[in-house]
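Peer 1: Dropping the structure in here first, questions after.
Derivation of every value follows stated rules applied to the coordinates shown; laboratory data play no part. The structure displayed is predicted, hence computed values, not measured ones. With ideal geometry, Cβ positions are generated from the backbone for all residues, glycine too; neighbour counts draw on all protein chains shown.
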């Protein structure tokens with residue numbers, strides 16, 4: 001007689017797997033941390049009919065020098081409207097931060113703190129073209145590592161799209 | 001989640017498929033050299049990339065790998081007589097040389113030249129590091145011979161086994177780059193398995209079951225770094241190498257031999273899991289070899305006379321529910337290799353990746369799929385050779401290192417991640 005494992009793992013039995021959704025949509029916030037990444041995020045936003053992704057930028061909402069510090073700003077949507085950082089993070093299941101090797105990343109610690117406070121999983125993705133120096137990459141890593149529970153160094157931006165599809169964004 | 005068409009692209013590796021063409025760009029392990037131990041020994045059947053083949057070592061020591069079936073009436077040449085520099089079909093005496101060329105058809109007059117018109121499809125077969133390697137792609141694209149370090153060190157420094165895994169190659173290979181499962185599935189084995197225990201690295205592992213991962217593209221595939229806190233604000237890194245399409249090398253522990261795998265499609269529902277252990281500086285000890293033969297580390301015990309693991313789906317992997325409850329093993333299955341294989345086979349022959357819910361720690365898997373899809377498309381559209389073909393991509397090492405907190409591990413451990421003759425693996 002066939003064992004339970006042999007029968008259950010056959011191709012024939014695969015036909016009887018329940019064909020119903022096994023997860024609810026996750027809210028994923030994709031945040032550009034620097035100017036080149038903002039362009040990447042804008043292209044991404046137009047690429048596909050994302051159902052669970054919100055594309056944001058840390059630049060549009062960053063306070064101008066001399067302005068009183070507040071955690072309510074720091075984020076903007078792609079149209080340039082300021083968004084409340086804590087509100088955005090509160091509603092997220094996952095935050096994906098996009099950075100470019102060597103670019104200044106002023107907002108990362110504020111966003112990272114907010115994610116830590118709200119217990120939201122963070123992934124950082126550094127776009128590091130072949131022309132980027134090790135020193136530039138080191139600077140970015142030093143800033144991102146304390147705030148990233150997963151870090152990816154990718155050579156091309158098409159990876160981000162594949163990653164978001166894989167995460168059901 | 002992976003779209004169905006992408007899943008099909010990567011999991012289907014038979015003749016004429018894009019995924020099959022990818023595998024046919026590389027030298028792949030076909031048989032253990034010990035399967036053809038001497039000249040004129042019995043031939044061995046082998047199925048690779050959905051093709052049934054027969055391998056033999058002729059009277060002069062030449063290796064042949066060709067269509068398993070006689071061109072006359074379709075008899076399996078596994079029954080063949082390996083004699084006088086050729087393999088002879090026992091049915092009507094047709095004989096083939098190591099290139100698959102028919103050299104005798106006894107029923108036809110020699111003068112007719114009929115046998116010259118008969119040739120079985122064949123592939124080159126070379127011996128290197130105790131493994132017989134084949135290249136199944138177009139002859140004009142045949143790359144340099146494989147340069148994996150385990151296959152180039154002296155024989156006494158290296159040990160290789162293979163086993164049948166009853167699942168598609170991709171879900172097996174993905175287990176090899178899924179570093180986050182180790183802290184759960186294999187947690188009981190780090191301190192007890194003779195090929196793992198005793199390393200200082202194990203303390204870092206067991207102290208911190210939630211490492212932070214970094215995935216970085218390499219020329220041939222990926223570096224997958226798992227980072228844990230070490231002393232004085234430094235990080236302890238375990239860096240796994242994945243080289244396309246199906247090679248992984250696990251980060252070392254102490255002075256133990258280094259382990260790694262190839263996952264080679266037999267057909268779309270089965271694959272060969274090749275498991276190697278080697279040390280770059282010294283011969284393996286008798287105790288280490290005995291442990292490997294006894295199925296410890298990443299090796300298995302076998303059903304006698306076969307490459308099928310003794311614990312397999314037909315005996316429910318000898319699952320021990322009492323041991324599982326008592327914490328002896330996490331899944332109830334004994335041994336690192338079968339802990340992985342049992343779960344990967346339970347997914348079914350080809351897992352339906354449209355139903356997955358990947359999380360960010362799966363970025364190694366996501367990136368590997370991304371690179372595989374990109375390589376298949378470049379191969380199909382532009383005839384571009386995929387990463388991993390070049391010998392330089394194969395001369396790599398995994399590493400376990402303690403590094404300052406602000407350095408990219410790829411740069412800080414640059415020398416440790418490539419083969420350096422006369423230099424030991426970087427290990428903790």
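Peer 1: Measuring from the lowest to the highest alpha carbon on each principal axis, how far does the protein assembly as shown reach, largest first, in angstroms?
Peer 2: Between the extreme Cα coordinates on each principal axis of the protein assembly as shown lie 99, 52, 50 Å.
Peer 1: Let me ask something else about it. Rounded to the nearest 500, what is chain B's calculated 222 nm mean residue ellipticity when only DSSP H runs of at least 4 contribute -39500 (n - 2.57) each, over all residues? Intermediate values should be presented prior to the final figure.
Peer 2: Numbers: 11 runs with 87 residues, N = 428.
Counting only the DSSP helices, I get -5500 deg cm²/dmol.
Peer 1: Continuing with the same structure: Taking every residue in A:20-33, how many Cβ atoms of other protein chains lie within 10 Å of its Cβ, on average? Write down the numbers at each step before the final one.
Peer 2: Numbers: counts 1, 1, 3, 4, 1, 0, 2, 0, 1, 0, 0, 0, 0, 0.
Across the residues of A:20-33, the mean count of other-chain Cβ atoms within 10 Å is 1.
Peer 1: R0 = 56 Å: FRET efficiency of residue A:86 with residue A:2, Cβ-based, nearest 0.05? Write down the numbers at each step before the final one.
Peer 2: Numbers: r = 56 Å, r/R0 = 1.00.
After rounding to 0.05, the efficiency reads 0.50.
Peer 1: Next question. At 0.36 nm per residue, minus the direct Cα-Cα distance, what do residue B:383 and residue B:286 gain on full extension? Give it in nm, one decimal, please.
Peer 2: Numbers: separation 97, 0.36 × 97 = 34.92 nm, distance 4.68 nm.
The residue B:383-residue B:286 span can extend by a further 30.2 nm.
Peer 1: Next question. Just grab the label-to-label distance for residue A:106 and residue A:156, each label 7 Å out from Cα along the Cβ direction, in nm (one decimal).
Peer 2: About 3.4 nm separates the two model spin labels.
Peer 1: Relative to the present Cα-Cα distance, how much length would full extension add between residue B:306 and residue B:229 at 0.36 nm per residue of separation?
Peer 2: On the way: separation 77, 0.36 × 77 = 27.72 nm, distance 4.39 nm.
That pair, residue B:306 and residue B:229, stretches by 23.3 nm at full extension.
Peer 1: Further, regarding this structure: Once you order the gyration tensor axes a ≥ b ≥ c over the Cα atoms, which shape class does the range A:21-169 get: rounded for a/c under 1.5, otherwise prolate or oblate by comparing a/b with b/c?
Peer 2: On the way: a/c = 1.42, a/b = 1.03, b/c = 1.37.
Taking the square roots of the gyration eigenvalues as a ≥ b ≥ c, the range A:21-169 is rounded.
Peer 1: Across bins of 10 angstrom width beginning at 0, how are the C-alpha pair distances of the range B:129-177 distributed, in whole percent?
Peer 2: Values per bin, smallest distances first: 18, 33, 43, 5.
Peer 1: Suppose R0 equals 56 Å; then what is the FRET efficiency for residue B:203 and residue B:140 from their Cβ-Cβ distance, rounded to the nearest 0.05?
Peer 2: On the way: r = 53 Å, r/R0 = 0.94.
E(calc), rounded to 0.05, equals 0.60.
Peer 1: Looking at the square roots a ≥ b ≥ c of the eigenvalues of the Cα gyration tensor of the range B:212-360, which shape do they give, rounded for a/c under 1.5, prolate if a/b is larger than b/c, or oblate?
Peer 2: Note, shape of the range B:212-360 comes out rounded.
Peer 1: Go from 0 up to the bin containing the longest alpha carbon distance in chain B, width 10 Å each, and give me the % of pairs per bin.
Peer 2: Bins of 10 Å from zero give 4, 21, 30, 26, 12, 5, 2, 0, 0 percent of pairs.
Peer 1: How high is the relative contact order of chain B, in percent, counting Cα pairs under 8 Å that sit 6 or more residues apart?
Peer 2: Relative contact order, chain B: 18 percent.
Peer 1: Shifting gears a bit: Taking the number of other C-beta atoms within 10 Å as the exposure measure, put B:173, A:163, A:1 in order starting with the fewest. Working shown, then result.
Peer 2: Numbers: B:173 27, A:163 23, A:1 6.
With the fewest neighbours first, B:173, A:163, A:1 line up as A:1, A:163, B:173.
Peer 1: Distance in nm between label sites at residue A:22 and residue B:210, each 7 Å beyond Cα in the beta-carbon direction?
Peer 2: Simple spin-label model gives 2.4 nm for this pair.
Peer 1: So for B:102, B:70, fewest C-beta neighbours within 10 Å to most, what's the order?
Peer 2: On the way: B:102 21, B:70 25.
Going from sparsest to densest Cβ surroundings: B:102, B:70.
Peer 1: Within 10 Å of each Cβ in peptide B:408-420, how many partner chain Cβ atoms are there on average? Round it to a whole number, please. Show your work: numbers first, answer last.
Peer 2: Details: counts 11, 2, 3, 6, 2, 0, 1, 0, 0, 0, 0, 0, 0.
If you average over the peptide's residues, the count of other-chain Cβ atoms is 2.
Peer 1: A further question on this structure: Determine the shielding of peptide B:214-225 by partner chains: average, over its residues, the number of Cβ atoms on other chains within 10 angstrom of each Cβ. Provide the component values of the computation, followed by the final result.
Peer 2: Values: counts 10, 7, 8, 7, 0, 0, 0, 0, 1, 1, 0, 2.
Other-chain Cβ atoms within 10 Å of each residue's Cβ, averaged: 3.
Peer 1: Something else: Express the relative contact order of chain A as a whole percentage, based on alpha carbon pairs under 8 Å and six or more residues apart in sequence. List each step's numbers first, then the result.
Peer 2: On the way: 284 pairs, mean separation 35.2, N = 169.
About 21 percent, as a whole number.
Peer 1: For chain B, take the longest principal axis of its alpha carbons; what is the angle in degrees between that and the long axis of helix B:336-346, to the nearest 10 within 0 to 90?
Peer 2: Tilt of helix B:336-346: around 70 degrees.
Peer 1: Relative to the longest principal axis of the C-alpha atoms of chain B, give the angle of the C-alpha long axis of helix B:363-382, reported between 0 and 90° and rounded to the nearest 10°.
Peer 2: Helix B:363-382 sits roughly 30 degrees off the main axis of chain B.
Peer 1: Pull out a ≥ b ≥ c, the square roots of the eigenvalues of the alpha-carbon gyration tensor of the range B:1-158, then state rounded if a/c is under 1.5, prolate if not and a/b is larger than b/c, and oblate in the remaining case.
Peer 2: Details: a/c = 2.28, a/b = 1.39, b/c = 1.65.
Here the range B:1-158 falls in the oblate category.
Peer 1: If you rank A:123, B:306, A:82 by fewest surrounding Cβ atoms within 10 Å, what's the result?
Peer 2: Working: A:123 23, B:306 11, A:82 15.
Taking fewest neighbouring Cβ atoms as first place, the list is B:306, A:82, A:123.
Peer 1: In addition: Taking 0.36 nm per residue of sequence separation and subtracting the Cα-Cα distance, how much length would be gained by fully extending the chain between residue B:347 and residue B:38, in nm to one decimal?
Peer 2: Values: separation 309, 0.36 × 309 = 111.24 nm, distance 3.98 nm.
Length gained between residue B:347 and residue B:38: 107.3 nm.
Peer 1: How far apart, in nm, are the 7 Å Cα→Cβ label points at residue B:293 and residue B:191?
Peer 2: Distance between label points: 3.1 nm.
Peer 1: Also: Tell me the angle of helix A:108-117 to the major Cα principal axis of chain A, expressed in degrees between 0 and 90 and rounded to the nearest ten.
Peer 2: Computed tilt is about 50 degrees.
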